[in-house]
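What follows is a short report on a single structure.
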Amino acid sequence: MNAGALVSEIRVVNFRSARRLVLQPGPICAFIGEPGAGKSNVLLAARALLDPSYDLSVADVTVGERGISIEATLADGSTISLANRNGGPPIAHFPAELRSGDLLPPSSPEDVHTLVHDALTRAPAPRVALVRGLEACAAQTSGVVFAIEEPELFLAPQAHRYLYRLIRRLADLGNQIFFTTHAPGLLSVAALEEVNLVSRDELGVTAVERLSPIDVDDTFRVSCEFDAERAELFLSRAAILVEGMTEKISFPHVFHALGRDADREQISIVDCGGKSNLPLFVEICRRARVPYVVVHDSDMRPGREPVAAEVRLNALIRRQAGAARTIVLEPDFEGMFGFRSRARKPERAWRRIANARAHELPEPIVRAVKLALDSAHPRQPSYS
């Protein structure tokens, strides 16, 4: 049972691309995945079960199969099915195609429909009507399943962060929120349990995997709560995990020197906020099924005794990430590029690397990029 969830499990058979699907949703469920993976079908399956007026049609049956079955176990342990849809929580479905109009289909719960309609009449533009409607619901609505398709549509990044706070307020009031998204501002690396990976195999069958939570301290949670750049790794084909800002701004130029573009390749360069956070981000990438490369300083100075804490941390990173995915810079990033001090390090790194050619770059840096490219495209290696 998921504490705070109105629906603790949904079992779907032969509904659109969901041939055999079991969901165990929490109070907040973000569904992410490639376009066409079946994210919207997951929301429609929930609506088909929880909205008694939803009329199933031939289009809802998995191609080549017969008979749709959708069942759910509710928070109190009772069950509902398509044969008996009474007794479940009401659902408010916000499909993308209604975003510039009524927002909700006519069969929505009456109180939610009224609140959203009133907000729609007061909204300065259709694109902000969803925000106004959810604001109204977050003030007084409870016991409703909200199913929202791409809530970020037509909104600025600042509105994405505000939407995420609204979603949390709705959940705190005793609602359950399902939403599909491509916006990192609606995701958090400190709340993995909210993220559900949606994929579709070569036969066109949709699968969903809810990520397991990870233990983090309050400082990490607060620093990552609304950090879209770090949450971007959920939507990446691969990630390069680095210690800080200097490496983050430098690596795009390395890609450029090699004739590639990190954004085009859908590779994220993630500032992990310090070397000590690297093992945690490795675990996040593993759980999110994102291939990764770790780049860090050895911090071992020639002619000096190794610092025991650094030796232990280096060993931990290597053990956690694996030797094949760990690139160690000797003794550090500055030393590899000939910096004699750390003053204005990001600026100096940018000036040194911005116009560099491939043969002028340190081999470990180039190797990290090549490994990330090969990880992002495992069936078509970029380099031998």
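Quick look at the values:
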item: Any hit, region 350-359, residues being modelled with pLDDT under 95, more than 25 Å from the chain's Cα centre (by Cα) and part of a strand (DSSP E or B); result: no
item: Selection from region 264-276 of residues that are touching a helix residue (DSSP H, G or I) at 6+ places or on another chain (Cβ under 8 Å) and either among the basic types (Lys, Arg) or open to solvent by 40 Å² or more (accessible area, probe 1.4 Å) (or both); result: 266, 273, 275, 276
item: Qualifying residue in region 261-273 (condition: farther than 15 Å from residue 231 by Cα, among the β-branched types (Val, Ile, Thr), part of a strand (DSSP E or B) and touching a strand residue (DSSP E or B) at 6+ places or on another chain (Cβ under 6 Å)); result: no
item: Test: residue in region 191-199 that is open to solvent by 60 Å² or more (accessible area, probe 1.4 Å), in contact with a helix residue (DSSP H, G or I) (Cβ under 9 Å, 6 or more places away or on another chain) and not hydroxyl-bearing (Ser, Thr, Tyr); result: no
item: Some residue of region 290-297 being open to solvent by 80 Å² or more (accessible area, probe 1.4 Å), in a loop (DSSP other than H, G, I, E, B) and closer than 30 Å to residue 33 by Cβ; result: no
item: Every residue from region 1-24 that is surrounded by 19 or more Cβ atoms within 10 Å (Cβ to Cβ), touching an Asp or Glu at 6+ places or on another chain (Cβ under 8 Å) and not in a strand (DSSP E or B); result: 16
item: Candidate set from region 129-184 (those that are of a type in the set (A, V, I, L, M, F, W, C) and assigned to a loop (DSSP other than H, G, I, E, B)); member that is most open to solvent (accessible area, probe 1.4 Å); result: 154
item: Tally, over region 209-245, of residues that are closer than 30 Å to residue 324 by Cβ and not in a loop (DSSP other than H, G, I, E, B); result: 19
item: Residue match in region 38-51 (condition: in contact with a Gly (Cβ under 8 Å, 6 or more places away or on another chain), part of a helix (DSSP H, G or I), open to solvent by less than 50 Å² (accessible area, probe 1.4 Å) and under 21 Å from residue 203 (Cα atoms)); result: yes
item: Residue in region 301-319 that is nearest to residue 207 (Cα to Cα), counting only those that are in contact with a helix residue (DSSP H, G or I) (Cβ under 8 Å, 6 or more places away or on another chain) and either β-branched (Val, Ile, Thr) or open to solvent by less than 50 Å² (accessible area, probe 1.4 Å) (or both); result: 317
item: Qualifying residues in region 60-102 (those that are at pLDDT 90 or above and in a helix (DSSP H, G or I)) - the one surrounded by the most Cβ atoms within 10 Å (Cβ to Cβ); result: 60
item: Qualifying residue in region 235-250 (condition: modelled with pLDDT under 95, of a type in the set (A, V, I, L, M, F, W, C) and surrounded by 20 or more Cβ atoms within 10 Å (Cβ to Cβ)); result: no
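The values are calculated or read from the model by the stated rules, or taken from the named source; none is laboratory data. Keep in mind the model is a prediction, meaning the values are calculated, not measured. Neighbour counts are summed over all protein chains in view; Cβ atoms, including those assigned to glycine, are modelled from backbone coordinates with ideal geometry. The area values use the complete protein model at the heavy-atom level, side chains included, leaving out ligands, DNA and RNA. Shrake-Rupley method; radii C 1.70, N 1.55, O 1.52, S 1.80 Å.
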